[in-house]
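Notes to accompany the following structure.
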Amino acid sequence: MQTPLIALLTDFGMDDSYVGVIKGVISGICPDARIVDLTHAIAPQNVRQGAFELMTTYTYFPADTIFLVVVDPGVGSTRRPMLARAGAYTFIAPDNGVLSYVLDRDPAAQVHELTSAQHRLSCVSNTFHGRDVFAPAAAYLARGGALEVLGPRLESYVRLPQPRLVRDGQRICGEAVHVDHFGNIVTSIGNLTWTHEGELALHSAWDAKAEAVRIDAKQAIVTYDDWRISGIARTYADVPRGALLALVGSSGFLEIAINQGDACAHLSAGIGFEFNLQLG
């Protein structure tokens, strides 16, 4: 049997003991489980950022990975704990939309409410369900347990609004959905792929039925507020150090960056700010 893998995505940071104690609970129930820290740097309570980071990373993990996702501003309230099987992966999280971008990609996903009192710690805190509810469930599944045992099927669950991605003639309107550690601004304009030298194809990451758009990378213009960036680069090194550029990031989304600089600070832009791509 393959060694079970549990990937953790939280907004806990690493200054406190929260991540460590979750790992302790998992190891106590399923000692064979391997635990990977996907990230603990989601901005506090930023469900939307957690949803985007999960969507753009989970497929790089091996099949049957269990994702324990704890970005939970509603902990202890009436929000439900949930778990889902989508494609080859299993997800455990609060029902607050943090799984919605993943589940939107799989209409056949199997979604359950996490209700089993037998598969949580005996004393459940009102403020730390990551430790007391979600971690025991992840460990149970890692031991080969079935989703059906943990709770009934959910016919509906919380869905976040999809990020803006609208085509208006020769203009594509998107928004910033993530700012990474380097200050690179990731927009909702994706998925983008290079089809051949100088040309990109845009296949909407949010609407599978949307028609693909062909983009001449040299003729394209990216605008934000009064800023204007001509062309879409392939690499940071395509522009001088300190220069602003637009490029396709590793997840296939249009990014605004500064070669060896911080675009977010330079532009005073953040998540939710509007960016436009003029096709030429």
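Summary of computed values
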{"item": "Tyr60/Asp32 FRET efficiency (R0 30 Å; Cβ-Cβ; nearest 0.05)", "result": "0.85"}
{"item": "Relative exposure of Met14, Met55, Met82, judged by other C-beta atoms within 10 Å (fewest first)", "result": "Met14, Met55, Met82"}
{"item": "Alpha-carbon gyration tensor eigenvalues x 5, square-rooted, for the chain, Å", "result": "38, 19, 16"}
{"item": "For the chain, built as a Gaussian network whose Cα springs stay under 10 Å, the top-fluctuating residue of Asp37, Asp132, Asp16", "result": "Asp16"}
{"item": "Exposure proxy ranking, count of Cβ atoms within 10 Å, fewest first, for Val71, Val158", "result": "Val158, Val71"}
{"item": "Normalised contact order of region 165-278, rounded percent, pairs of Cα under 8 Å and 6 or more residues apart", "result": "32 percent"}
{"item": "Gain upon complete extension [Leu279, Val158; 0.36 nm per residue less C-alpha separation]", "result": "40.1 nm"}
{"item": "Centroid-to-centroid separation of region 102-140 and region 170-203 [C-alpha atoms, Å]", "result": "34 Å"}
{"item": "Computed E for Thr78/Thr39 - FRET, C-beta separation, R0 41 angstrom, nearest 0.05", "result": "0.90"}
{"item": "Footprinting exposure proxy for Cys123, Cys264 (fewest neighbouring C-beta atoms within 10 Å first)", "result": "Cys123, Cys264"}
{"item": "The chain, helix-only ellipticity at 222 nm - DSSP H runs n ≥ 4, -39,500 (n - 2.57), divided by all residues, nearest 500", "result": "-4000 deg cm²/dmol"}
{"item": "Relative contact order, percent, region 5-150 [alpha-carbon distance under 8 Å, six or more residues apart]", "result": "27 percent"}
{"item": "Theoretical FRET efficiency, 1/(1+(r/R0)^6), r = Cβ-Cβ of Glu211 and Thr3, R0 45 Å, to 0.05", "result": "0.55"}
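Laboratory data are not the source of any read-out in this text; all were calculated from the coordinates shown. Everything numeric here is computed off the predicted structure, so don't read it as measured data. No Cβ is skipped: glycine too gets one built from the backbone with ideal geometry, and neighbour counts run over all protein chains shown.
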